[in-house]
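What follows is one structure encoded as structure tokens, with my remarks underneath.
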Amino acid sequence: MGRRLATRLAIPLIAAALAALWGAGLTLLHWQGNSSLLDRLEAPFIDLRFLLEGPRQAPDGVTILAIDDQTVQQVGAYPLPRTTMALLVSSVGGMQPKAVALDILFIDPGPADGDLALARALGDTRSVLAAAGLFERNQLTSNSAASDFPTVQRLLLPIETLASVSALGVVNIATDPSGVPRHIPLLVRSGSRIIPSFPLRTVSVAMTSDPVLRGGEVVIGGVATSTDGGYALPLRFYGPAGTIRTVSAGAVLNGQADEDAFRDRIVVIGATVTGGGDAFPTPFDPVLPGVEVLATAMAHLMQGDGLVHDSRVRLVDASVAILLPIVFVLLLAWHRGVWGFTIITVITAVWIGLTFAAFTRGIWLSASLPLLAALPPAMVFGAAELWLDRRRADRLSLQSRTLRRFQPPSLTKRLAEDPAFLMKPLRQKAAVIFIDLSGFTGLSELLPLDETREMLHGFHALVDQEAVQHQGIVASFMGDGAMILFGLPDPSPSDACHAVEACVGLCLRTEAWMAHLPGSIASHIGFKIGAHFGEIIASRLGGDSHQHITAIGDTVNVASRLMEVAASHDADVALSDDLHRAAGAACSVFGSGFLEGTFPTAIRGRLGSIPIWLWRRNRKFSHMHSGPGERRRSPF
């Protein structure tokens with residue numbers, strides 16, 4: 001018992017340990033940024049959180065100067081001539097912005113006068129030009145948990161004429177597998193150089209303060225912004241295109257722009273023209289201009305209102321991803337029914353709800369990592385346990401069906417409902433029948449063992465069928481005989497009548513069975529039946545390893561001795577007057593035969609005598625003299 005209990009406890013513990021290892025493995029991949037599966041699963045959760053939170057008020061410190069369809073139509077060319085770009089920069093620079101950032105690559109020389117004009121305009125204001133890095137495939141992804149900076153294979157820089165008068169920043173954006181921008185790498189590595197991103201360099205120039213990197217955050221001008229691994233900035237979109245203040249470049253060229261939209265602000269110049277600028281799908285807008293993505297990152301660095309997805313948040317994700325599988329497995333081990341699955345569902349919903357609540361506070365908890373860590377092990381363990389339960393149930397059902405063959409069905413049902421039944425002896429009235437094959441012992445010495453077994457099998461089967469048909473139970477088979485009880489597990493006023501009917505049924509069935517035996521066998525055997533009604537003591541007998549239910553008492557002994565009386569008087573059945581009277585005149589009898597009695601008869605091993613009745617089937621009645629007493633013949 002102790003070993004079985006230890007095994008049952010060990011299986012859930014081993015399963016919980018394996019589930020924790022699964023969670024730890026996923027956590028390691030998540031921490032290293034090597035799981036695109038987690039990114040794909042997390043994307044819909046994070047997008048849904050954006051949509052549930054809804055658009056937010058964008059900070060007022062950034063203005064986008066859009067080279068839009070109106071501007072291109074007005075100028076009549078795209079890309080805009082560099083002289084036009086110079087006019088835009090100088091016009092905006094005259095409105096006293098904090099910085100002017102051009103999200104446009106000038107990697108090829110243009111007309112000399114245009115390049116010089118743009119260089120003079122850039123030199124007259126605090127400006128930042130875009131550079132771009134070419135990365136290895138899949139290196140720049142949205143999962144920026146890696147501790148090192150992404151490394152560019154090649155860097156695309158503005159022409160020297162412009163780069164010499166302006167600061168530079170890399171405009172690359174990290175997207176998830178669906179193309180949604182999730183991070184801005186604030187620093188990239190190119191050979192031995194560390195180059196800042198376009199947003200980081202722009203905010204640094206605007207606030208005239210060098211960035212300070214410390215413990216998973218960037219500080220510029222006293223404003224601390226949390227970053228992910230490798231100093232990647234998680235993006236927290238404000239809304240659809242235009243949520244950040246956007247002004248058409250055509251308005252500036254026409255002199256119709258409001259100077260307040262540019263004064264003391266970062267001005268980001270970028271293309272939004274249809275088909276001419278880069279655009280990204282976001283939760284709020286399927287085509288958010290790339291310049292607005294960069295402007296969003298600048299706003300985060302100025303306000304410190306980006307998403308927090310640093311090492312502390314990842315540690316929470318990792319802890320839950322390791323603990324939740326353990327909890328789910330142990331819950332299923334404790335209760336695999338409705339309650340276990342209900343609790344798992346509630347915990348899952350609570351975690352998802354917690355990630356949504358944290359998101360409104362700007363904290364990006366992973367919804368996918370703990371669920372991917374917990375649900376598959378729980379489903380596998382639950383399925384395995386259900387399969388094992390089914391196998392155990394099938395095995396127990398088979399055992400139960402097998403054991404039921406060793407106890408009458410009525411007793412089996414009663415014992416299942418009341419395992420303590422007959423642990424204490426029960427004294428009650430009952431009818432008892434004994435039946436035995438005469439001559440069988442000598443015949444078995446001559447018959448092969450297989451034939452002997454087949455004969456007993458057929459005889460026992462008919463006895464069992466007759467007992468069950470008349471609501472009795474076979475208390476025991478004793479070789480070529482059997483004891484049948486009427487009144488267990490519960491007594492009934494019809495017990496005596498059922499016993500009388502069973503006596504007749506046994507006679508008819510036994511004679512029919514014997515008639516089908518080979519003549520050489522049937523001529524050597526016969527049968528006798530004894531039946532009595534009275535008080536018995538029913539109880540369990542046996543030892544701790546095996547018990548059987550039986551009945552004892554004078555009633556049982558008399559019924560057994562009455563078989564001898566039947567045999568000595570050449571009768572089929574000898575039944576006591578007590579049974580005859582208890583059965584009553586209303587008892588119907590199947591078959592035909594004759595009942596003779598009553599007359600006192602001595603019982604071997606018992607003082608005195610008792611009145612008995614003898615029954616024969618279709619045989620001529622013969623007078624018997626068994627002492628004084630009334631003798632009569634009646635149909636039975």
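Values computed for the structure shown
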item: Criterion violated by PHE477 - all others in (1) in a strand (DSSP E or B); (2) touching a strand residue (DSSP E or B) at 6+ places or on another chain (Cβ under 6 Å); (3) not acidic (Asp, Glu) satisfied; result: (2)
item: Residue that is modelled with the lowest pLDDT [pool: residues in region 34-85 that are farther than 23 Å from ALA249 by Cα and touching a helix residue (DSSP H, G or I) at 6+ places or on another chain (Cβ under 7 Å)]; result: SER35
item: Residue in region 174-189 that is touching a residue at least 40 places away in the same chain (Cβ under 8 Å), surrounded by fewer than 15 Cβ atoms within 10 Å (Cβ to Cβ) and in a strand (DSSP E or B) present; result: no
item: Counted residues, region 221-235 - those being outside any strand (DSSP E or B) and either modelled with pLDDT of 95 or more or touching a strand residue (DSSP E or B) at 6+ places or on another chain (Cβ under 9 Å) (or both); result: 5
item: Those residues of region 59-85 which are of a type in the set (Gly, Ala, Ser) and over 55 Å from the mean Cα position of the chain (by Cα), in sequence order; result: GLY76, ALA77
item: Test: residue in region 556-568 that is under 60 Å from the mean Cα position of the chain (by Cα), outside any loop (DSSP other than H, G, I, E, B) and at pLDDT 80 or above; result: yes
item: The listed residue being at pLDDT 75 or above and either outside the structural domain of HIS548 (by TED's automatic domain parsing) or closer than 27 Å to LEU541 by Cβ (or both), out of ALA416, ALA393, ALA430; result: ALA430
item: Where a residue in region 290-312 is over 14 Å from ASP278 (Cβ atoms) and its partner, wherever it lies, is outside any helix (DSSP H, G or I) and basic (Lys, Arg), with Cβ under 6 Å and at least six apart; result: GLY306/ARG236; LEU307/ARG236
item: Verdict on ALA206 being surrounded by 17 or more Cβ atoms within 10 Å (Cβ to Cβ), closer than 24 Å to ALA132 by Cβ and within 53 Å of the chain's Cα centre (by Cα); result: no
item: Boolean, LEU200 is under 49 Å from the mean Cα position of the chain (by Cα) and part of a helix (DSSP H, G or I); result: yes
item: Those helices (runs of 4 or more DSSP H) lying entirely in region 247-366 with at least 2 residues at pLDDT 90 or above and more than 18 Å from ALA66 (Cα to Cα); result: 290-303, 311-334, 338-360
item: ALA383 being without any contact (Cβ under 8 Å) to a residue 24 or more places away in the chain, in the same structural domain as THR27 (by TED's automatic domain parsing) and either in contact with a strand residue (DSSP E or B) (Cβ under 7 Å, 6 or more places away or on another chain) or among the aliphatic types (A, V, I, L, M) (or both); result: yes
item: Single residue of LEU579, LEU517 found to be modelled with pLDDT under 90 and either assigned to a loop (DSSP other than H, G, I, E, B) or over 30 Å from LEU443 (Cα atoms) (or both); result: LEU517
item: Matching residues, region 149-165, being more than 15 Å from GLY133 (Cβ to Cβ) and touching a residue at least 60 places away in the same chain (Cβ under 8 Å); result: none
item: Lone qualifier among ILE529, ILE473, ILE525 - being modelled with pLDDT under 90 and within 20 Å of TRP615 (Cβ to Cβ); result: ILE525
item: Within region 30-138, helices (runs of 4 or more DSSP H) holding 3 or more residues that are surrounded by 16 or more Cβ atoms within 10 Å (Cβ to Cβ) and not assigned by TED's automatic domain parsing to the domain that holds VAL291; result: 36-53
item: Any hit, region 492-502, residues being at pLDDT below 90, surrounded by fewer than 23 Cβ atoms within 10 Å (Cβ to Cβ) and within 53 Å of the chain's Cα centre (by Cα); result: yes
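The values are calculated or read from the model by the stated rules, or taken from the named source; none is laboratory data. Since the structure is predicted, the reported quantities are computational estimates derived from the model, not experimental observations. Virtual Cβ from ideal backbone geometry, glycine too; neighbours counted across all protein chains shown.
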